[in-house]
1. Pull out all pairs, ordered by first then second residue, where Cβ-Cβ is under 7 Å, the residues are six or more apart or on different chains, the first lies in region 87-103 and is farther than 16 Å from Arg24 by Cβ, and the second is hydrophobic (A, V, I, L, M, F, W, C).
2. Select from region 1-51 the residues that are surrounded by fewer than 15 Cβ atoms within 10 Å (Cβ to Cβ), modelled with pLDDT under 75 and in a helix (DSSP H, G or I) and list them in ascending order.
3. For region 53-74, give me each residue that is in a helix (DSSP H, G or I) and either without any contact (Cβ under 8 Å) to a residue 12 or more places away in the chain or crowded, with 19+ Cβ neighbours inside 10 Å (or both).
Amino acid sequence: MSKYLLDKFLYTVDRDPDLVERYRNEPRATVTWWEKEMAGTLLGSISAEATTWLRLTAEEHEALATHDYVSLFTLGAHPFLTLTLFIALFERDHAEPLGFQREYAARLAHFSQPYPDFAT
């Protein structure tokens, strides 16, 4: 598992409004494209280099592809990166102020400290 790569996905997608929309509408295709086309480039790899740290695990890929932020939290994705991206994705779907943030907190409420390790 590469928590760094997982966090890099969350970080880079969140900072590009076009990628946020692409990820919202086509999550599986966006994750597959990002991993194939962007991961090595963003991490300074050359195209001839192939290593497992430039690939998401099947579990990481599936959690990203299904917008499963609870699983991402469990896998050790940084909670602030996860929250900010998912606010960009889903806050608009909630009528009340802080609607998504409340949903996020409720869905993660079953966790107790110590939280999963999100150090990279």
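1. Once the first residue is farther than 16 Å from Arg24 by Cβ and sits in region 87-103, its partners that are hydrophobic (A, V, I, L, M, F, W, C) give Gln101/Ile87.
2. Within region 1-51, Thr41 is the sole residue that qualifies.
3. Ala58, Glu60, Glu62, Ala63, Leu64, Tyr69, Leu72, Phe73
The values are calculated or read from the model by the stated rules, or taken from the named source; none is laboratory data. Values in this document were obtained by computation on a predicted structure and should not be read as measured data. Ideal geometry is used to build each Cβ from the backbone, glycine not excepted, and the neighbour counts take in all protein chains shown.
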